[in-house]
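The values are calculated or read from the model by the stated rules, or taken from the named source; none is laboratory data. Quick caveat, the model's predicted, so the values are computed rather than measured. No Cβ is skipped: glycine too gets one built from the backbone with ideal geometry, and neighbour counts run over all protein chains shown. Keep in mind that these areas ignore ligands, DNA and RNA; they rest on the heavy atoms of the full protein, side chains included. Shrake-Rupley method; radii C 1.70, N 1.55, O 1.52, S 1.80 Å.
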Amino acid sequence: MTTIAVRGSSVDVPTADGVADAYLAHPEDGRAHPGVLLYMNAFGLRPVLESMADRLAAEGYTVLVPNVFYRYGRAPLVELPAPPALISTRTDPTLFERLGPMMDSLTPGIVARDAGAYLRWLADSPAVADGPVGITGYCLGADLALRTAAAHPDRVAAAAGFHGGLLATAEPDSPHLLAERVRAELYFGHADQDPSLPVEQIDRLAKSFADAGLRYTCEVYRGAPHGFTQADTASYHPEADARHWAALLALLERSL
């Protein structure tokens, strides 16, 4: 198997509200490649996400990972355990107390506005080929992926979300209510017995996609906890992570 050399670098993305620090990864071959926007989980832009971007880049994509909490400063914004220690709310029960205000600050309007900035940056980058992009998001990022696909349907050909939470609530701004605006093919891989996405929400999300006539796949990864793709956390599940990679790469290959 041929190994593709990858270049990774820190970049700044101008937005309407400031500058988002981000990580960019792409094949080191001097050519333009299809763009992918990778949305972080709540623990922020950090080495494990950069490694995930590098892996996607090695498959032939140019990948942007923005710090979506940039209004609070440049990453890292909270202290996380140094490897090989794993991120866990059991060992640090205050973690989400610190992250909560940042997560709550991402209103639907802000998400759509920031997404436009990220997509424009990708469109202007010489490392990105012309055409629509793909999105993948994790935990919080699954919500952002769906909202971005709805807010910018002409720019997004594929959107994936993994172990997302609160995707189909009874709130009037629940992301599943945006399904009729989406044109992308969707893939959502859900954690098993995830309190942030109970069975009724899983069913409601899939029904919203079906009612909108979308091309979509929704699957529950049995035995996999919330956060199963994040290798620096106590929730990491290698088998589910491997399944996630297979599904994501297949989606991007047929869509971009």
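Enumerate the pairs (first residue in the range 141-170 and touching a residue at least 24 places away in the same chain (Cβ under 8 Å) and among the hydroxyl-bearing types (Ser, Thr, Tyr); second residue anywhere and in a loop (DSSP other than H, G, I, E, B) and open to solvent by 30 Å² or more (accessible area, probe 1.4 Å)) with beta-carbon separation below 9 Å, excluding pairs fewer than 6 apart on the same chain, so at least 6 apart or on different chains.
THR148/ARG155
Could you tell me how many of the residues in the range 80-107 are open to solvent by 40 Å² or more (accessible area, probe 1.4 Å), closer than 24 Å to VAL156 by Cβ and among the hydroxyl-bearing types (Ser, Thr, Tyr)?
Of the residues in that region, 1 qualify.
Which pairs do you get when a residue that is open to solvent by 40 Å² or more (accessible area, probe 1.4 Å), found in the range 108-128, comes within reach of a residue that is of a type in the set (Lys, Arg) and not in a loop (DSSP other than H, G, I, E, B), reach meaning Cβ atoms under 7 angstrom, with the pair 6+ apart or on two chains?
Qualifying pairs under 7 Å: PRO108/ARG147.
If I ask for residues that are aliphatic (A, V, I, L, M), closer than 15 Å to ARG204 by Cβ and open to solvent by less than 10 Å² (accessible area, probe 1.4 Å), which ones from the range 150-191 would you list?
LEU167, ALA168, ALA179, LEU186
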